[in-house]
Amino acid sequence: MYHHLAGILASKTPGEAIVEAAGVGYQLRISLHTYETLPAAGQPVKVLTHLHVTDDNLALYGFATERERAFFRQLIGSVKGVGPRVALAVLSGGRVEHLQQAIRLGDVATLKAIKGVGEATAKRIVLELGKILVKQAETQTPQPAEAAGKRGKKGMPAPAAETGAATLSDLDEMTDLAVKAVTQLNEVPSDVALRSVQRAIEDLRNKGAAPESVQDLIRRALPYAE
């Protein structure tokens with residue numbers, strides 16, 4: 001309903017900003033990142049907004065960038081149990097690109113270290129939003145094989161095992177990251193997590209495939225670590 005507000009910044013605190021526009025003072029709930037990017041009180045300002053509607057309340061949220069607002073909407077729209085308050089806490093925990101990378105890599109520890117985000121919530125964010133962010137990153141950034149126009153014999157596309165994350169060094173790095181994530185997500189010893197990741201890799205090899213991403217490997221390994 002409201003895309004943005006443009007007016008004068010009447011006041012700001014780490015969690016709230018008041019923007020005066022056309023004689024009306026709009027109360028916006030904001031993240032620490034947005035607070036730090038806003039100008040001093042009394043200066044002109046333009047803030048992107050999101051109106052959150054519940055049965056008994058209307059709340060307006062403000063964002064410094066479109067990337068921050070989009071990530072906020074992903075959190076509240078894709079992760080069960082995450083509402084605007086927790087989403088703002090996540091946004092206040094660091095730069096959006098760093099937070100998204102942590103989620104893609106299954107880094108529960110980084111998320112649960114954020115004030116207001118518990119371990120259970122951090123795990124849900126990784127499991128429910130991680131795959132979405134991985135696909136989003138893949139559509140935004142061409143894969144190395146694609147960018148180089150890698151081809152197989154006689155001009156045919158190279159096999160999937162060559163175009164995936166299948167080089168030995170890549171697979172070693174993915175395994176290390178997946179083991180750390182499975183250890184945290186399933187609360188199991190690292191040796192148990194390692195065996196589960198190895199079983200997932202072996203399953204893929206038997207099908208002539210390779211893990212598509214760290215997140216893909218984590219999801220395949222989790223059932224083996226239960």
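Conditions (1) assigned to a loop (DSSP other than H, G, I, E, B); (2) surrounded by fewer than 21 Cβ atoms within 10 Å (Cβ to Cβ); (3) of a type outside the set (Lys, Arg), marked per residue:
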residue: LEU194; (1), (2), (3): no, yes, yes
residue: GLU202; (1), (2), (3): no, yes, yes
residue: GLY208; (1), (2), (3): yes, yes, yes
residue: LEU217; (1), (2), (3): no, no, yes
residue: TYR224; (1), (2), (3): no, yes, yes
Scan the helices (runs of 4 or more DSSP H) fully inside the stretch 57-127 and keep the ones with 2 or more residues being in contact with a strand residue (DSSP E or B) (Cβ under 7 Å, 6 or more places away or on another chain).
-> 66-78, 84-91
What pairs come up if the first residue lies in the stretch 80-108 and is not assigned by TED's automatic domain parsing to the domain that holds ASP216 and among the small types (Gly, Ala, Ser), the second is part of a loop (DSSP other than H, G, I, E, B) and surrounded by fewer than 16 Cβ atoms within 10 Å (Cβ to Cβ), and their beta carbons are under 6 Å apart, counting only those six or more places apart or on different chains?
-> ALA89/GLY116
Reported set for the stretch 174-222 where residues are without any contact (Cβ under 8 Å) to a residue 12 or more places away in the chain and over 16 Å from ARG104 (Cβ atoms) is THR183, GLU187, PRO189, SER190, ASP191, GLU202, ARG205, ASN206, LYS207
Considering ARG73, ARG69, ARG29, which residue is modelled with pLDDT of 95 or more, basic (Lys, Arg), touching a Lys or Arg at 6+ places or on another chain (Cβ under 9 Å) and closer than 26 Å to GLU128 by Cα?
-> ARG29
For VAL47: the one exception among (1) touching a Gly at 6+ places or on another chain (Cβ under 8 Å); (2) outside any helix (DSSP H, G or I); (3) surrounded by fewer than 18 Cβ atoms within 10 Å (Cβ to Cβ) | (3)
Considering residues that are surrounded by 13 or more Cβ atoms within 10 Å (Cβ to Cβ) and part of a strand (DSSP E or B), the number found within the stretch 1-15 is 8
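The values are calculated or read from the model by the stated rules, or taken from the named source; none is laboratory data. In this text the structure is predicted, and so the values were computed from the model without any measurement. Here the Cβ is made from the backbone with ideal geometry for all residues, glycine too, and neighbour counts use every protein chain on show.
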